[in-house]
Amino acid sequence: MQLKMSKKIMKPDFQGEFTASILAAAASPEIISFAGGLPNPVSFPIREMEAATQKVLTEKGAMALQYSSTQGYPALRAWIARRYETMGVYGVEADDIIVTNGSQQALEMIGAAMVDPGDEILVEDPTYLVALQSFHLFDPTVLPVTINADGIDCDKLEQTIKAHPDAKFIYVIPNFQNPTGLTYSRAVRERAAAILKASNLLVLEDNPYSELRFSGEGGNSFGAYLGEQCCMFGTFSKIVSPGMRIGWICCRNKELRAKLLNYKSTADLHTNIFCQLVLAQYLEDNDLDQHIEKTKRLYKQKAEHMMACMRKYLPEGVTFTPTEGGMFLWATLPEGITAVELYRAALKKGVAICPGDPFYEYARNVRTFRINYSNSTDEAIETGIRILGETCRELMASSQD
Ligand SMILES: Cc1ncc(COP(=O)(O)O)c(C=O)c1O
């Protein structure tokens, strides 16, 4: 049989194919992998979840196993709405929240609701690669805006908005961005908010990592500055469990929310109600902040250990941006070697990194790479970074030959 698949699905997928090949190579148990982004199992409250599951089955068994509403379990939505107060966003109501199948689904829903082929959208450059892949499903023209150590480049943001007044939305990750681990400073947050407020752009703020701040002080969500101009995505993946696949979109614009709900009801009827009930029960019976503290303590220790190893083993000329939270570090190689070269050479010695390439819409053969610290042992971090350092030295020496 000759398959006649859609043009959409047959389109080249640089981000997907590149990343799949890296993760496949990194999957071998002999490889020390800093390439992925798995939460450490310390962040999974297994025993508490067992108790919550038992309670849900005993007290709400029929509801847990029945079809449910597209928007999500009201008690869980109310909990999420209240949580926004800790991010400086007041007045969010349970009705503003749609529970999604991970925050990943929120990206697809927004793409479907907002983008026709050729429509312009703005993203940070680099940005979360699966967001790029999701948006690509709807054939946009992607306009990348550089992100610096203190956040999005506000001059470039202003210029891009001016040159593209019909652009539909901007997608931003202001806290411990994936891939760079960078956080917007207060000054950049405020200036960017003012620029965006004066624009016609819908602002999509993705925020999976802000709860994982282990030092320093965070800033307010864009939702605090921009009201219903800002849709906020969130997830329980990095603080409770990615396997439960529970995320959300907070959309305070009623018209858009109705369209998102239409799309979601067609896509999947509703998010897994069993998991929503168990999660809501867990949140009712336990102190989530106390649980997150445990994860933050571990990530702080891992990040500090990885940064210390980087200072010790990486040669001069390789730089990285220190982090105060999240799960990633972002490093830059000196002129003359690319991250893909480092990836290939290090993999031969048993260490996997994630070259920056798939996180950029257009840039290729870049010198930046991402490394993850959340799920490696201290020994693996030390050995892996030592090998990366040796490999960098060899590549730097041969690039000067
Ligand atoms: C920036 C960002 N957005 C969204 C997601 C998707 O998370 P989930 O679908 O598990 O909520 C991730 C996962 O790593 C991410 O880094």
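What follows is calculated from the coordinates using simple rules that are stated; it is not laboratory data. In this text the structure is predicted, and so the values were computed from the model without any measurement. Every residue, glycine among them, receives a Cβ derived from its backbone with ideal geometry; neighbour counts consider all protein chains shown.
With all pairs of separate Cα atoms included, the stretch 46-285 yields a Kirkwood hydrodynamic radius of 18.4 Å. Averaging 1/r across all pairs of distinct Cα atoms in the chain and inverting the result yields a Kirkwood radius of 22.1 Å.
So if I take the centroid of the Cα atoms in the stretch 188-265 and the same for the stretch 23-81, what is the distance between those two points in Å? Result: 20 Å between the Cα centres.
Projecting label points 7 angstrom from Cα along Cα→Cβ for residue 48 and residue 287 puts them 1.0 nm apart.
For the stretch 190-308, averaging the sequence separation of C-alpha pairs within contact (under 8 Å, six or more residues apart) and dividing by the residue count gives a relative contact order of 23 percent. Using the Cβ-Cβ distance between residue 398 and residue 198 with R0 set to 41 Å, the FRET efficiency from 1/(1 + (r/R0)^6) comes to roughly 0.25. Applying a DSSP loop filter and a limit of 13 other Cβ atoms within 10 Å to the GluC sites (Glu not before Pro) in the stretch 312-359 leaves 316, 335.
Taking amide H as placed 1.01 Å from N in the peptide plane, the amide H of residue 119 sits under 5 Å from that of 141, each at least 5 places away or on another chain.
Under the convention that each Lys and Arg Cβ holds +1 and each Asp and Glu Cβ holds -1, the size of the dipole of the chain around its Cα centre is about 440 debye. Taking trypsin sites (Lys or Arg not before Pro) across the stretch 299-350, the ones in a DSSP loop with at most 15 further Cβ atoms lying within 10 angstrom of their Cβ are 349.
Normalised by the number of residues in the stretch 141-224, the mean separation of alpha-carbon contacts (under 8 Å, six or more apart) gives a relative contact order of 32 percent. For the stretch 1-102, the list of trypsin sites (Lys or Arg not before Pro) that fall in a loop by DSSP and count at most 16 other C-beta atoms within 10 angstrom reads 4.
Could you give the distance between the Cα centres of the stretch 325-352 and the stretch 364-382, to the whole Å? Here the two parts' Cα centres lie 7 Å apart.
Label positions at residue 139 and residue 311, each projected 7 Å from the Cα along the C-beta direction, are separated by 5.2 nm.
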